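The values are calculated or read from the model by the stated rules, or taken from the named source; none is laboratory data. No experiment lies behind these values; they were computed from the predicted model shown. Heads up, the Cβs are rebuilt from the backbone with ideal geometry, glycines too, and the neighbour counts pull from every protein chain shown.
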Amino acid sequence: MIYFSFSWDDGAVEDLKLMDLSLKYSIPGIFFIPATNPERGVMINEDIKRISVNNFEIGAHTYSHSYLTNVPLQKANEELFAGKMYIEQLLGKEVPHFCFPGGKFNSDLVNISKQYFKSARTADTCSIGHKNSYLIKPTFHFYNRGKKSLIFNGLKNSFRIFHLSLKNISCSDYFELIRKIIADLSSSSCTSYIMIWGHSWEIEKFMLWNKLDNLFQEISGKYPGNILSYSDFVKSQTKQNGN
Ligand SMILES: [Zn+2]
């Protein structure tokens, strides 16, 4: 059995395009959005509300897209709290999920974030199924990192990904290799939980919309009942770990 979930970071204006493409294939997802970002623009409040109204989840991503390992813990705490408050006040509902900007975290930051959130996503890749149900580690970055990155990160985080990357290394490119790994995992007797993450601005910058359209089409066509909302994905990890 194979399950999928999708998460998108940074709240750039191209998130609206990502929302439209997700709606086209009825694919749920979460958008992790800071209030401001020194590196690029963030959507206006009305657009964030529009994404939420279309049944996508919105998660916190600090207040100002702060790389939390670079700031004092007191400042990190403020960033975590203010980022959560910003989205909660905008949408009028609880925001239980968080994602570390730049994937930067350490054990102190994990502990502080637990005061405010039920899960925190990282940017480590090549994890499938999670030993730690609070930290959600993604499987594939939807961005051309190159085929070798799947082998190296697989070696670090999942022997199955490592093995399948090597086995299928003759695929034409990174995206093709991901599709082949997914096909192999789906035919295995083990259950796999695949978290795909990325940034709409990156998809725009590197012209990856067609590739994402193809992936959405394939996953929604072959595994229509196996695409989980982010909250359900997090719950499935908790169950899997028996907590
Ligand atoms: Zn980010």
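Within region 167-178, can one find any residue that is crowded, with 19+ Cβ neighbours inside 10 Å and out of contact with any helix residue (DSSP H, G or I) (no Cβ under 7 Å at 6 or more places or on another chain)? Yes: one or more hits.
Annotation: Ser189 fulfils all but one of (1) free of Cβ contacts under 8 Å to residues at least 12 places away in the same chain; (2) assigned to a helix (DSSP H, G or I); (3) small (Gly, Ala, Ser); the unmet one is (2).
Across region 14-39, the number of residues qualifying as within 16 Å of the ligand (Cβ to nearest atom) and free of Cβ contacts under 8 Å to residues at least 60 places away in the same chain comes to 7.
Within region 136-156, does at least one residue satisfy the condition of being farther than 27 Å from Gly102 by Cβ, touching a helix residue (DSSP H, G or I) at 6+ places or on another chain (Cβ under 7 Å) and not hydroxyl-bearing (Ser, Thr, Tyr)? No, that holds for no residue.
Here Ala123 passes the criteria (1) part of a loop (DSSP other than H, G, I, E, B); (2) of a type in the set (Gly, Ala, Ser); (3) away from the ligand (no atom under 16 Å from the Cβ) except the one numbered (3). For region 53-92, what are the residues that are more than 22 Å from Glu39 (Cβ to Cβ) and in contact (Cβ under 8 Å) with a residue 40 or more places away in the chain? Listed by number, the residues that qualify are Glu57, Leu91. Within region 185-202, identify whether any single residue is over 16 Å from the mean Cα position of the chain (by Cα) and under 22 Å from Asp9 (Cβ atoms), and answer yes or no. There is no residue in region 185-202 that is over 16 Å from the mean Cα position of the chain (by Cα) and under 22 Å from Asp9 (Cβ atoms). For region 179-207, filtered to residues that are within 16 Å of the ligand (Cβ to nearest atom) and acidic (Asp, Glu), the residue that is surrounded by the fewest Cβ atoms within 10 Å (Cβ to Cβ) is Glu204. Is it the case that some residue within region 207-222 is in contact with a Cys (Cβ under 9 Å, 6 or more places away or on another chain) and either among the basic types (Lys, Arg) or at pLDDT 95 or above (or both)? No, that holds for no residue. Considering only region 77-100, I want to know if a residue exists there that is among the acidic types (Asp, Glu), surrounded by fewer than 20 Cβ atoms within 10 Å (Cβ to Cβ), within 16 Å of the ligand (Cβ to nearest atom) and not in a helix (DSSP H, G or I). Checked against the condition, which is being among the acidic types (Asp, Glu), surrounded by fewer than 20 Cβ atoms within 10 Å (Cβ to Cβ), within 16 Å of the ligand (Cβ to nearest atom) and not in a helix (DSSP H, G or I), region 77-100 yields no hits at all.
The rows are residues; the columns are (1) away from the ligand (no atom under 16 Å from the Cβ); (2) in contact (Cβ under 8 Å) with a residue 12 or more places away in the chain; (3) assigned to a loop (DSSP other than H, G, I, E, B); (4) surrounded by fewer than 19 Cβ atoms within 10 Å (Cβ to Cβ).
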residue: Gly102; (1), (2), (3), (4): no, yes, no, yes
residue: Asp108; (1), (2), (3), (4): yes, yes, no, yes
residue: Tyr116; (1), (2), (3), (4): yes, yes, yes, yes
residue: Ile128; (1), (2), (3), (4): yes, yes, yes, no
residue: Asn144; (1), (2), (3), (4): yes, yes, yes, yes
residue: Lys148; (1), (2), (3), (4): yes, no, no, yes
residue: Leu155; (1), (2), (3), (4): yes, no, no, yes
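Could you identify the single residue in Leu177, Leu228 that is at pLDDT 95 or above and touching a strand residue (DSSP E or B) at 6+ places or on another chain (Cβ under 8 Å)? Explain how you work it out, then say what you get.
Numbers: Leu177 fails: touching a strand residue (DSSP E or B) at 6+ places or on another chain (Cβ under 8 Å).
Result: Leu228 is the single residue among Leu177, Leu228 that is at pLDDT 95 or above and touching a strand residue (DSSP E or B) at 6+ places or on another chain (Cβ under 8 Å).
Assessment of region 54-73 against the conditions (away from the ligand (no atom under 15 Å from the Cβ) and within 16 Å of the chain's Cα centre (by Cα)) yields at least one matching residue. When you go through (1) modelled with pLDDT of 95 or more; (2) over 17 Å from the mean Cα position of the chain (by Cα); (3) within 20 Å of Pro138 (Cα to Cα) one by one for Ser170, which number turns out not to apply? Failed condition: (3).
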